[in-house]
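Heads up: the structure comes next, in C-alpha cells.
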Amino acid sequence: MRLKDFLTEQQLDDVHDALDVVRLSLPNTYKLNLMNNDFYPIYRFGVALAAVRGESVNDGVMNSYKPNFEAESMWGEHQIVRCFDPKLGNVVDKALKKINKPGKSIVSTPSSEELADTNKGSPLKPFKGYKR
C-alpha cells in the first residue's frame with residue numbers, strides 16, 4: 001500500500017477560519033461587541049442576561065419585588081474591599097500608595113447595622129417548659 005492511498009492533503013484554499021467553522025457547525029452563535037480585556041461590561045452583560053430571563057419567567061409565582069435593571073452598578077467599574085478588621089482602611093491606603101493610585105471613599109457604616117424596616121424580634125415564641 002502506498003502512502004498516497006490513505007493520506008489526503010488539504011489544499012490551502014480549503015482552509016477555513018474559525019468563524020467559517022462556527023457559522024456552519026454552531027447554530028445561533030453571536031459575536032458581541034464586548035472586548036474580552038474589560039471584565040466589568042462582560043459581568044454586567046451576564047447580569048443583564050439573568051435579568052432578562054428572570055423577567056420573562058412565568059411560573060405562576062407572584063413576586064412583587066422586581067428591581068429595575070441598571071446598565072451600570074452603583075459603583076461602576078470601581079473595586080470594593082471590605083473586612084471585619086477596622087484597620088483595613090490603613091492597609092488599603094498603603095497598598096494604593098504602592099501602586100500610585102488615588103485614595104478610597106467609604107460607602108458603608110463603620111459597624112454592621114440593620115435597615116430601619118428590618119424586624120429584629122424573633123418569630124419564635126419563648127418556651128416556658130411543660131407543666132409538672
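No lab work stands behind these numbers, since they all come straight from the coordinates. These figures come from a predicted structure and were not determined experimentally. Cβ: placed from backbone, ideal geometry, glycine included. Neighbour counts: every protein chain shown.
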**Asked** Taking R0 as 41 Å, what's the FRET efficiency between K131 and K66 from their Cβ-Cβ distance, rounded to 0.05?
**Response** 0.25
**Item:** Cα-based reach from K94 at 26 Å (exclusive), listing lysines while leaving out same-chain residues under 8 positions away
**Value:** K104
**Request:** Would you mind computing, in nm to one decimal, how far apart the modelled labels at H78 and N119 are, each placed 7 Å from Cα along Cα→Cβ?
**Result:** 3.6 nm
**Message:** Whole-Hz ³J(HN,Hα) for each residue in segment 76-85, computed from phi via Karplus 6.51 cos²θ - 1.76 cosθ + 1.60 with θ = phi - 60°, x for glycine and proline: what do you get?
**Reply:** x, 8, 6, 7, 10, 9, 9, 7, 6, 6
